[in-house]
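Notes follow once the structure below has been shown.
The values are calculated or read from the model by the stated rules, or taken from the named source; none is laboratory data. Everything quoted here is computed from the prediction, not taken from an experiment. FYI the Cβ positions are ideal-geometry reconstructions off the backbone, even for glycines, and counts take in every protein chain you see.
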Amino acid sequence: MRILLDNFSKSFGSTKVIENMNLEVAHGEMLALLGPSGCGKSTTLFAVCGIHRPTGGRILFGDRDVTDLPSQARNVGVVFQSYALYPHMTVAENIGFPLKVKGTASADIRKEVDSIAGLVQIGNLMGRRPSELSGGQQQRVALARALIRKPDVLLLDEPLANLDAKLRLEMRSEIRRIQRETGITAILVTHDQVEAMSMCDRIAIMKEGEIVQIATPAEMYNDPRTAFVAGFLGNPP
Ligand code: ADP
Ligand code: MG
């Protein structure tokens with residue numbers, strides 16, 4: 001579902017982090033918010049997912065204004081850098097938990113869990129606990145749990161940051177495959193330009209709370225609008 005940030009602003013006390021940001025993520029698109037640490041990527045994502053309330057502007061999913069809705073009412077799937085799986089639950093219980101909270105019947109939960117486990121390819125791990133999984137496996141579980149309620153949008157904040165180099169590479173293409181197969185609209189927050197380039201349809205590059213350029217990876221690489229963009233992409237003029 002299309003995501004629209006319309007004049008979005010966010011301050012913490014007197015600190016203005018984002019001012020009047022406009023951004024549209026098309027239905028089915030995967031967009032990267034790319035920029036150095038502290039530029040406001042997570043702040044923006046948290047506002048989209050409903051953890052932070054904007055101090056100005058609106059956030060729309062499709063035509064629905066969700067600005068004042070709490071996270072639970074927005075139908076978003078979220079994966080953060082730390083997987084935050086429930087350690088005492090099995091993989092199957094972790095994945096099914098959002099449906100259990102909703103009051104879904106156990107037989108239906110089981111069916112949905114099986115189907116999503118197939119999608120993220122962890123059908124063989126259902127009885128294990130998080131401590132018995134590798135980082136990549138834990139991240140697949142977190143993805144499955146984020147997707148189980150068939151959210152309108154998927155929000156990923158540095159989802160690969162805790163993985164070693166080999167797993168990071170594998171999970172790049174896995175997350176992209178899953179996003180394509182589900183057709184879900186997604187925002188990926190990252191400070192890693194290669195990740196953004198290899199995983200996303202378009203990149204919005206941020207500096208100090210502003211989007212300085214928004215383009216496809218190829219456009220951005222071939223025609224960086226500013227020295228900052230060029231430098232950040234490792235392709236200085
Ligand atoms: P990024 O995700 O791009 O690294 P963040 O969005 O986390 O950056 O942070 C952007 C800026 O907003 C930083 O200067 C940070 O210190 C500030 N900030 C983020 N969250 C809070 C908060 N809860 N209270 C005060 N300042 C915050
Ligand atoms: Mg961040």
For this session: Kindly establish whether ALA161 is of a type outside the set (S, T, N, Q), more than 16 Å from ligand 2 (Cβ to nearest atom) and surrounded by fewer than 21 Cβ atoms within 10 Å (Cβ to Cβ).
Result: no
For this session: Considering (1) of a type outside the set (A, V, I, L, M, F, W, C); (2) within 16 Å of ligand 1 (Cβ to nearest atom); (3) under 30 Å from HIS88 (Cβ atoms), say which one GLY136 fails and leave the rest.
Result: (2)
Exercise. Does segment 150-157 contain any residue that is modelled with pLDDT of 95 or more, within 16 Å of ligand 2 (Cβ to nearest atom), under 16 Å from the mean Cα position of the chain (by Cα) and surrounded by fewer than 22 Cβ atoms within 10 Å (Cβ to Cβ)?
Worked result: yes
Problem set entry | Checking ALA196 against (1) more than 23 Å from LEU5 (Cα to Cα); (2) part of a helix (DSSP H, G or I); (3) of a type in the set (Gly, Ala, Ser); (4) within 14 Å of ligand 1 (Cβ to nearest atom), the condition it does not meet | (1)
For this session: From ALA84, ALA73, ALA142, grab the single residue that is in contact (Cβ under 8 Å) with a residue 60 or more places away in the chain and under 30 Å from PHE8 (Cβ atoms).
Result: ALA142
For this session: Name every residue in segment 1-36 that is farther than 20 Å from MET220 by Cβ and within 16 Å of ligand 2 (Cβ to nearest atom), in order of residue number.
Result: LYS10, PHE12, THR15, VAL17, ILE18
Exercise. Of the conditions (1) more than 25 Å from PRO130 (Cβ to Cβ); (2) surrounded by 14 or more Cβ atoms within 10 Å (Cβ to Cβ); (3) within 16 Å of ligand 2 (Cβ to nearest atom); (4) of a type outside the set (D, E, K, R), LEU69 fails just one. Which one is it?
Worked result: (3)
Exercise. Checking ASN94 against (1) among the polar types (S, T, N, Q); (2) more than 16 Å from ligand 1 (Cβ to nearest atom); (3) surrounded by fewer than 17 Cβ atoms within 10 Å (Cβ to Cβ), which test does it fail?
Worked result: (3)
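Yes/no per residue for (1) out of contact with any helix residue (DSSP H, G or I) (no Cβ under 6 Å at 6 or more places or on another chain); (2) over 30 Å from LEU85 (Cα atoms); (3) touching a residue at least 40 places away in the same chain (Cβ under 8 Å); (4) of a type in the set (Lys, Arg):
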| site | (1), (2), (3), (4) |
| --- | --- |
| ASP157 | no, no, yes, no |
| LYS166 | yes, no, no, yes |
| CYS200 | yes, no, yes, no |
| GLU210 | yes, yes, yes, no |
